[in-house]
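Here is the structure we will look at, set down as structure tokens.
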Amino acid sequence: MSDTVIETLQFNCTTCPSECLLTVKVERDANDAVVEVCSVIGNNCPRGDKFAHQELTCPMRVLTTTVAVSGGDEALLPVRTAEAIPLELHARAMDLIRGLVVNAPIRMGDVVLPNLLDTGTDLIASMDIDRAQVAN
């Protein structure tokens, strides 16, 4: 007797504005982990098939948050990962990012933290922050 079960899922592909409705058959083991993506239908381009496989085996997302700023005209700097990272790493990444303080000035696109959690993806600034003006 097999300990796996076949399940049918439906979700939208988010790789382009078409947002195709995908119907995906997956095989899950006794621990509810995906063993295999058996089929993907409903995608109008090859990106939908790739998206479904990735979403079910290793979901990826861009992480966006803020970090504290020292000596800047703003207290918080919006940051994001330059590329999507595995969703399962987001909590660990936030634990690391929570303690960061950057010094002003900083420019949009500057690397705030290189190679976040050995993902090969940098955490980058999402806006410019200048030095605080000192009142005379």
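The values are calculated or read from the model by the stated rules, or taken from the named source; none is laboratory data. Just so it is clear, the model here is predicted, and its values are computed rather than measured. Positions of Cβ are generated from backbone atoms using ideal geometry, with glycine treated the same way; all protein chains shown enter the neighbour counts. Heads up: the accessible areas ignore ligands, DNA and RNA and are worked out on the full protein's heavy atoms, side chains in. Shrake-Rupley method; radii C 1.70, N 1.55, O 1.52, S 1.80 Å.
Compare D49, D3 by solvent-accessible area with a 1.4 Å probe and give them largest first, with all protein chains kept in place.
Reading off the accessible areas and sorting them downward yields D3, D49.
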Surface accessible to a 1.4 Å probe, per residue, for the residues of the chain, Å²: 63 Å²
Taking the chain as the reference, fit the longest principal axis to its C-alpha atoms, fit the long axis of helix 46-57 to the helix C-alpha atoms, and give the angle between the two in degrees, 0 to 90, nearest 10. 80 degrees
With Kirkwood's inverse mean 1/r over C-alpha pairs for Rh, give me the Rg to Rh ratio of the range 55-100, two decimals please. 1.08
Taking the full set of protein chains and a 1.4 angstrom probe, give the accessible area of T14 in square angstrom, rounded to the nearest 10. 100 Å²
Rg in Å to one decimal, and Dmax rounded to a whole Å, for the range 62-136 via C-alpha atoms: 12.9, 49
Given the whole protein assembly as supplied and a 1.4 Å probe, what does the accessible area of M60 come to in Å², nearest 10? 60 Å²
Sorting R47, R80, R98 by accessible area (1.4 Å probe), largest first, what list results? R98, R47, R80
Quick one: divide the alpha-carbon radius of gyration of the range 93-132 by 2.2 N^0.38 Å and tell me what you get. 1.21
Hey, what do the phi angles of the range 126-131 turn into as Karplus ³J(HN,Hα) couplings, whole Hz, using 6.51/-1.76/1.60 and θ = phi - 60°, x for Gly and Pro? 9, 7, 7, 9, 8, 5
At a probe size of 1.4 Å, how large is the accessible area of K25, to the nearest 10 Å²? 90 Å²
Cα gyration tensor of the range 4-80 - equivalent ellipsoid semi-axes, whole Å, descending: 36, 17, 8
Residues in the range 16-30 reached by a label modelled at I6 [backbone nitrogen below 11 Å; 7 Å Cα→Cβ]: 25-27
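Treat every Asp and Glu Cβ in the chain as -1 and every Lys and Arg Cβ as +1, leave all other atoms uncharged, and give the resulting dipole magnitude about the Cα centre to the nearest 20 debye.
Numbers: 10 positive and 19 negative charges, 58 e Å.
Rounded to the nearest 20 debye, it is 280 debye.
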Pop out the Kirkwood hydrodynamic radius of the chain from its pairwise C-alpha distances, inverse of mean 1/r, in Å to one decimal. 17.6 Å
